[in-house]
Every structure is written in structure tokens, then in C-alpha cells.
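Okay, so here's the structure we're looking at.
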């Protein structure tokens, strides 16, 4: 289970503290349940996803993870720019206590990322697409109970997108996912439940279709 407890979040701007993005979010996400986050632009979907994945921190509140949760797939912020893709992969493997599996993990990440000789070049020389490919391959190399995904399968060309989508679906078949996607079809394919984020609040729905309906109803009201 993942417990999201009274999460508040706002960011510093050039003019001081910005408005609250999240304001008192409380969620209990059961084991084995895949959840889609829906809402308009700026509603806090990616912010909440990063906080759940541990790569961003709330201004107030906490997240309790009672299972193994991945970092957001495709997120490159955890990569050390002066180190190569190979060195970063070894470093992450050691952090996760997978020292004995480093040869397997290196081979798997290198094969999946399809970045060729760049695997042995510093990360700071990578394009954003190359970073996403490496990070996606790195995420797949470890077994998590919950995978965090923010539009990850949009990385790369069409053939890589198809490859990423298949690999992601295979992983999610053995675990669960918390995801953000602009594609409602993708959300319906992967998720059972939904969370609608609106005005800093999170509204839980047992069915992803109901969360999407609430979001659509809110946009209809605001534009009428």
C-alpha cells in the first residue's frame, strides 16, 4: 500500500512562493491496483507523481510506501551528468543492492536503450530522448511492486515507442502502475481506478471511467 498523507506542494518562483499546486491531498492506494491521475494542465498530476516516486518532496505532509516503488520512468533527474550511461547503471544497481546482478543489468539496459556507443559517453552529452531511453531501460531492469509512469512511452521514434509500450505492459502485468497520460485510451488500458486532481484536491474513483467523467464534467462547466 501507498499512503499519501496531507500533501501540500508549492514552488519558489522569481517572485517568491508560488500558489499551492497541491493542498491537502490524502490517498490510500492498495496493493495490486493500477491508478490513473487525471486533470487539467497545471492540476498537479506530474507533481504528485514525482512526490509518490520520491524524486520531489512535499512542502507539507508525507508519503508512506509499504512496497517497492519505482522512480518515475523516463525521469532523468537522478542521473549524474559527468558519469557515463554504464557508470550510472552500475551506481543505481549498487544502491538497490544488486551488485551480483550488475553484468545482467548492464546488458539489459544497453540492449533496451538502443543508444549505441553513447552508453559509454557522459550523460551530459545525451539528448533528452536518449536520457529517457536509458532511464526507461534502467527502470525495467529492476522488479518493483509499483511502477510510476509519466508519458514514458512517448520517448523515441515510433518503433521504440512500440517496444517501450510492450515492455511496460509486460512489467505491469506482474505489478501495478500509477500513471499520467494525455491518452485516455492508455489510461483505460492500464488502470482500474482513477484520481481526479482539481483545485489542489484529489478525488478518488474506484473506476477510471468515473474519474475521466468527473474531469470532463468540470471542463464542460468551466467553459459553459
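Where a number appears in this text, it was derived from the coordinates with a stated rule and is not lab data. Predicted model, so just to flag it, every value in this text is computed and none were measured. Glycine also receives a Cβ, built like all others from the backbone with ideal geometry; neighbour counts cover every protein chain displayed.
Potential lengthening of the chain between residue 5 and residue 158 amounts to 51.2 nm, from the contour at 0.36 nm per residue minus the alpha-carbon distance. Extension gain, residue 31 to residue 91, is 18.7 nm, computed as 0.36 nm per intervening residue step minus the present C-alpha separation. Counting only alpha carbon atoms, the long axis of helix 102-113 and the longest principal axis of the chain meet at about 70°. Against the chain, whose longest principal axis is taken from its Cα atoms, helix 85-95 shows a tilt of about 70°.
Annotation: the antiparallel percentage among DSSP beta bridges lying fully within the chain is about 55. Comparing 85, 39, 61 in a Gaussian network model of the chain where C-alpha atoms under 10 Å apart are linked, the largest mean-square fluctuation is found at 61.
Calculated mean residue ellipticity, 222 nm, the chain: -11500 deg cm²/dmol, from DSSP H runs (n ≥ 4) at -39500 (n - 2.57) each, averaged per residue and rounded to 500.
Taking every DSSP beta bridge that has both ends in the range 1-122, the antiparallel portion is near 100%. For the range 99-121, the residues whose backbone nitrogen is under 19 Å from a point 7 Å from the Cα of residue 82, taken along Cα to Cβ, are 120-121. Between residue 213 and residue 124, the contour length at 0.36 nm per residue exceeds the Cα-Cα span by 27.8 nm. Estimated from the Cβ-Cβ distance and a Förster radius of 41 angstrom, the FRET efficiency linking residue 174 and residue 20 is about 0.65.
In the range 109-224, the DSSP beta bridges split such that about 50 percent are antiparallel, to the nearest 5.
Comparing 82, 159, 128 in a Gaussian network model of the chain (Cα springs below 10 Å), the most mobile by mean-square fluctuation is 159. Cα-based values for the range 88-136, radius of gyration first and Dmax second, are 10.7, 30 Å.
The mean sequence distance of close C-alpha pairs (under 8 Å, at least 6 residues apart), as a share of the length of the range 77-203, puts its relative contact order at 20 percent. Using a cutoff of 8 angstrom between alpha carbon atoms and counting only pairs six or more residues apart, the relative contact order for the chain works out to 27 percent.
Against the chain, whose longest principal axis is taken from its Cα atoms, helix 208-223 shows a tilt of about 60°.
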